[in-house]
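Read-outs: derived from the displayed coordinates by stated rules, not from any lab. The structure displayed is predicted, hence computed values, not measured ones. Cβ placement follows ideal geometry from the backbone for every residue including glycine, while neighbour counts extend to all protein chains displayed.
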Amino acid sequence: MGPSTSSSPAMLAAAAAVLLVASGRGAAAGSCREAKLCCPGRDSSCVVQKAPINAIIEDLSDKPCYCDHACLKLGDCCTDFKDACGVVDCAVTAWGPWSECDADCGTGMMRRSRSVQRQPENGGKHCPSLLQKRGCQGTRCPHSNKSALKETAMLLPAKLGNSRRANETTDIRRNLRLRYPKQPHENNEYCVQFEVLKASKACRKETSYSSLREGERVCVRCESQALRPALGYRCAGPGVADRGTRWTALSAPHCHGKWLRLSHHDDQPSCPACANGASFIFV
């Protein structure tokens, strides 16, 4: 009998692979430039076969690749597609600085932008957003007498201010989340002098607050850690001239009353109006 003229599919695939390599086509496999293919849109026929059509693909790198613009989204482009077909992605600059808050007082918006350096070409990636926004809080709030009349000053003995400087972890205001790092007016401390109009009887039982008696004058220091951005970087409860406002002892809530603001000493935390300095600090 003569030699058999039939061959199995596996044998044909192997022979085709040998011929592919022998003919030098293997080096060009997977190349849009060598295949001279660049197709717009989505075109399934714009394909480069890395192995014979009937070959069994055992390595994922042997899968066919495409030279149509849809391959950018599908992720099956040939390795030289962008270079061979002149595909250029959009390029943008780095983000610029954030703008100032567009609200002088209260909730506002900050913006930053970037610009396009290179427009996309031949199906390249589109340009991303060129503008970003984020919320902000305007701190240039006017000192409103109406607001101050409704506020209740919360007090702590002035000696706790010294304790805070020695060891910040003992500052009760830190636990109350009333500290604002990186304040624009962090050194803008001041002192306020009050005349006590009313004081509850419970104050007499508290050594730290016994000086809060009717007719007595006390000085209260506003320290940087108690400045509140929402109030225009001042302490809560500074009082209003010629109008009585409320106060309460933070560590002794049954000790409370009303007082009248006599003087306000900006940038003078030493409280010159009181011979012994500040008796209390705002919280």
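Amide H contacts of residue 92 (H built 1.01 Å from N, in plane; Pro and chain starts excluded): 117 sit under 5 Å, all sequence-distant by 5 or more or on other chains. Per-residue 3J(HN,Hα) values for the range 113-125, derived from phi via the Karplus relation 6.51 cos²θ - 1.76 cosθ + 1.60 with θ = phi - 60°, read 9, 9, 10, 7, 8, 8, 6, x, 9, 6, x, x, 4 Hz in sequence order (x marks Gly and Pro). In this simple spin-label approximation, residue 130 and residue 90 carry label points 7 Å from Cα along the Cα→Cβ vector, and these lie 0.9 nm apart. Rounded to the nearest 0.05, the FRET efficiency derived from the C-beta distance between residue 116 and residue 224 at R0 = 41 Å is 0.40.
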